[in-house]
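The values are calculated or read from the model by the stated rules, or taken from the named source; none is laboratory data. Note that the structure is a prediction, hence the values are computed from the model and not measured. With ideal geometry, Cβ positions are generated from the backbone for all residues, glycine too; neighbour counts draw on all protein chains shown.
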Amino acid sequence: MDLTLIDLPSEVVRTERLVLRPYRPEDVAAVHRACQDAGIQRWITVLPVPYTDEDARTWVEEVAPAERAEGAGMPVVVEAHGELVGAAGLHFRPGRLGPEIGYWIAPWGRGHGYAAEAAAALAEWALGLGAPRVHLYADVDNTASQAVAERAGFTREGVVRGCLDRRDGGRGDAVLFGRLPED
């Protein structure tokens, strides 16, 4: 995947309905509000619980911009009609699986297909830059995320046992989905 011609810190991906853009300081309140959702906290186990204003500010103003600046990833706000409705991102990890996609949708943005649209757009962006494949993981119990992956054009490839960290310190299984340039 060739990122040399991309200004990763400012890169924006657009779809028919969405703008996938870098975080801005004014996103802190919406990120904080969204991350109070029990579903987001259940499936995104790297989020601290409780999720504070300071956690949101640190992510929006420090961590997400640093990932872009360092070339480690491309976290994005999922914006519809000028409003933050979720978040997504590509994580550029070395290895055979290629970039990894992740996403969450705020409670006020659910039911409109935004997650699938964002995941598909990020996959097409990465594949268009030469990634040989992209992938994502969904908890075996997270049927909604698995449906999103399929709607975004990903193929279920199998179950990866014990690959997810659980909040209780245990490990969980995930379904691996992949997407190739020809998909």
Under 6 Å by Cβ, and 6 or more places apart or on different chains, what pairs join a residue from the range 33-53 that is touching a residue at least 60 places away in the same chain (Cβ under 8 Å) with one that is surrounded by fewer than 14 Cβ atoms within 10 Å (Cβ to Cβ) and part of a loop (DSSP other than H, G, I, E, B)?
Thr45/Arg167
When the residues of the range 132-156 are filtered to those that are of a type in the set (Val, Ile, Thr) and buried (at least 18 other Cβ atoms within 10 Å of the Cβ), which remaining residue is farthest from Val49 (Cα to Cα)?
Val134
Taking the range 1-16 as the region of interest, how many residues are modelled with pLDDT of 95 or more, surrounded by 14 or more Cβ atoms within 10 Å (Cβ to Cβ) and part of a loop (DSSP other than H, G, I, E, B)?
2
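Take the residues of the range 157-183 that are out of contact with any strand residue (DSSP E or B) (no Cβ under 6 Å at 6 or more places or on another chain) and closer than 16 Å to Val134 by Cβ: which is surrounded by the fewest Cβ atoms within 10 Å (Cβ to Cβ)? Can you show your working first?
Taking the range 157-183 and keeping what is out of contact with any strand residue (DSSP E or B) (no Cβ under 6 Å at 6 or more places or on another chain), we get 165, 167-170, 180-183.
Of the ones still in play, those that are also closer than 16 Å to Val134 by Cβ are 180-183.
Working: Leu180: 15, Pro181: 14, Glu182: 5, Asp183: 13.
So, considering only residues that are out of contact with any strand residue (DSSP E or B) (no Cβ under 6 Å at 6 or more places or on another chain) and closer than 16 Å to Val134 by Cβ, the one surrounded by the fewest Cβ atoms within 10 Å (Cβ to Cβ) is Glu182.
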Of the candidates Asp173, Asp183, Asp139, the one satisfying the condition of being at pLDDT below 95 and not small (Gly, Ala, Ser) is Asp183
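Kindly provide the set of residues from the range 116-144 that are assigned to a strand (DSSP E or B) and hydrophobic (A, V, I, L, M, F, W, C), ordered by number. Walk me through how you get there before you give the answer.
Narrowing the range 116-144 to residues assigned to a strand (DSSP E or B): 134-139.
Correct list: Val134, Leu136, Ala138.
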Give me the residue from the range 98-131 that is over 23 Å from Leu47 (Cβ atoms) and hydrophobic (A, V, I, L, M, F, W, C) and, out of that set, surrounded by the most Cβ atoms within 10 Å (Cβ to Cβ).
Ala123
